[in-house]
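Let me begin by presenting the structure, written as structure tokens, before commenting on it.
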Amino acid sequence: MAKSAGTGAVMKKKKHLKKYITLYLIFLPVAIWYIIFKYIPMGGIIIAFKSFSPMKGIGGSPFVGMANFERLFKSSAFLSVLKNNIILSVMDICIVFPAPIILALSINEVKNKMGKRVVQSITYLPHFISWAVAGGLFYMFFSVSKGPVNAVIKAAGGAGINFMGSSVWYRWMVVLSSVWKEVGWGSIVYLAAITGVDEELYEAAAIDGANRWNCLRYITLPGISSVISVMLIMRVGAILSLNFDQTFAMLNDSVLSVGETIEYYVYRVGMSSVNNYSLGTAIGLFKSLIGFVMVLGANWASKRISEDGGIW
């Protein structure tokens, strides 16, 4: 009986493999990429517990335990960077994250197909511009001397504002640039989710006399709430991970105290100036652990709020 049950299980697995072999082959390159570039490098986290020297290698470098982490948390510079990172991440979650949802809902309400396509094309285009170019465009657009924004302010009788060099305005420039560049691309996920909402629900609501706002509130939003939940959990998990390319393109010495992020700090202190690879690895490990805890917490909270919420 046991042998027969085992044979049946093997045949069932073979049948399953034969049925989905195409999907497995499509997924194989992705799996190989993740193994090579994501999982194998995890062995390098031991550098965070050593005084790493490229000449001695990982094995020959002396073990220092938690010394790199103690040095990290005693550094006032790192605590300032951590504060900047948290503030920018909260602004990102509160402003940048909802923007694609609002855009997707707005596009869905546009009944003219040509108008809908034009809006989608215009909002998608900035995603394909590199941050090096996008940062340059923002510096030009908000320039004190020649920027059109300051030209309007001066024409109205105001004084020019150094948006990109002001500690008051810089964070808002980061948020604005993120919205401008990614709002269209981010809306694709939500537009796809909206298409999965049952059309019969809208027809029934129309018969009951519901207007478009009621349909949006009671049908569309609940219909895509699970997708919003998953995307929010993923964003909360990356609360300490901000776009390095964006920071590198937009940051300058005038706003270093309010705009420096953890990634840029690793580049500037851990890699660029003193080649302290151990410190950079310690920062990366700390960031990953915080992200892991945040994902668990956000998933737990989502499951508590809604049965359909959460990733698992």
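Numerical summary
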quantity: Matching residues, region 209-223, being touching a residue at least 24 places away in the same chain (Cβ under 8 Å) and outside any helix (DSSP H, G or I); calculated: none
quantity: Count of region 40-68 residues which are assigned to a helix (DSSP H, G or I) and small (Gly, Ala, Ser); calculated: 7
quantity: In region 224-273, residue surrounded by the fewest Cβ atoms within 10 Å (Cβ to Cβ) [restricted to those that are assigned to a loop (DSSP other than H, G, I, E, B) and among the small types (Gly, Ala, Ser)]; calculated: ALA238
quantity: Residue count for region 189-200, restricted to those that are buried (at least 16 other Cβ atoms within 10 Å of the Cβ), in a helix (DSSP H, G or I) and more than 15 Å from the chain's Cα centre (by Cα); calculated: 4
quantity: Contacts under 6 angstrom Cβ, first residue in region 62-87 being more than 13 Å from VAL269 (Cβ to Cβ) and touching a residue at least 24 places away in the same chain (Cβ under 8 Å), partner polar (S, T, N, Q) and buried (at least 17 other Cβ atoms within 10 Å of the Cβ), 6 or more apart; calculated: ASN85/THR261
quantity: Out of ALA282, ALA193, ALA210, sole residue that is farther than 24 Å from ILE129 by Cβ, in contact with a Leu (Cβ under 6 Å, 6 or more places away or on another chain) and of a type outside the set (Val, Ile, Thr); calculated: ALA282
quantity: Single match in ALA31, ALA67, ALA77 (criterion: out of contact with any Ser or Thr (no Cβ under 6 Å at 6 or more places or on another chain), within 23 Å of ASN243 (Cα to Cα) and among the small types (Gly, Ala, Ser)); calculated: ALA77
quantity: Counted residues, region 40-64 - those being surrounded by 12 or more Cβ atoms within 10 Å (Cβ to Cβ), out of contact with any Ser or Thr (no Cβ under 6 Å at 6 or more places or on another chain) and of a type in the set (Phe, Trp, Tyr); calculated: 1
quantity: Test set (1) farther than 25 Å from GLY186 by Cα; (2) charged (D, E, K, R); (3) out of contact with any strand residue (DSSP E or B) (no Cβ under 8 Å at 6 or more places or on another chain) - LYS50 fails condition number; calculated: (3)
quantity: ILE101, sole failed condition from (1) more than 30 Å from ALA192 (Cβ to Cβ); (2) not in a loop (DSSP other than H, G, I, E, B); calculated: (1)
quantity: Lone qualifier among PHE37, PHE27 - being modelled with pLDDT of 85 or more, closer than 26 Å to ALA282 by Cα and either in a helix (DSSP H, G or I) or of a type outside the set (A, V, I, L, M, F, W, C) (or both); calculated: PHE37
quantity: Some residue of region 12-33 being within 30 Å of ASN276 (Cβ to Cβ) and exposed (fewer than 13 other Cβ atoms within 10 Å of the Cβ); calculated: yes
quantity: Hits in region 187-210 - residues which are over 17 Å from ILE107 (Cα atoms) and not small (Gly, Ala, Ser); calculated: ASP198, GLU200, LEU201, GLU203, ILE207, ASP208
quantity: Number of the exception - LEU240 against (1) at pLDDT 80 or above; (2) in contact with a helix residue (DSSP H, G or I) (Cβ under 6 Å, 6 or more places away or on another chain); (3) closer than 30 Å to SER302 by Cα; calculated: (1)
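So that you can scan it fast, the table gives a plain yes or no per residue for (1) of a type outside the set (Phe, Trp, Tyr); (2) under 24 Å from ILE219 (Cα atoms); (3) part of a helix (DSSP H, G or I):
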site: LEU79; (1), (2), (3): yes, no, yes
site: LYS83; (1), (2), (3): yes, no, yes
site: CYS94; (1), (2), (3): yes, yes, yes
site: ASN108; (1), (2), (3): yes, yes, yes
site: VAL118; (1), (2), (3): yes, no, yes
site: TYR124; (1), (2), (3): no, no, yes
site: VAL133; (1), (2), (3): yes, no, yes
site: GLY136; (1), (2), (3): yes, no, yes
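The values are calculated or read from the model by the stated rules, or taken from the named source; none is laboratory data. Remember, predicted model here, so these are calculated numbers, not experimental data. Don't worry about glycine lacking a Cβ; one is built from the backbone with ideal geometry, like all the others, and counts go over all protein chains shown.
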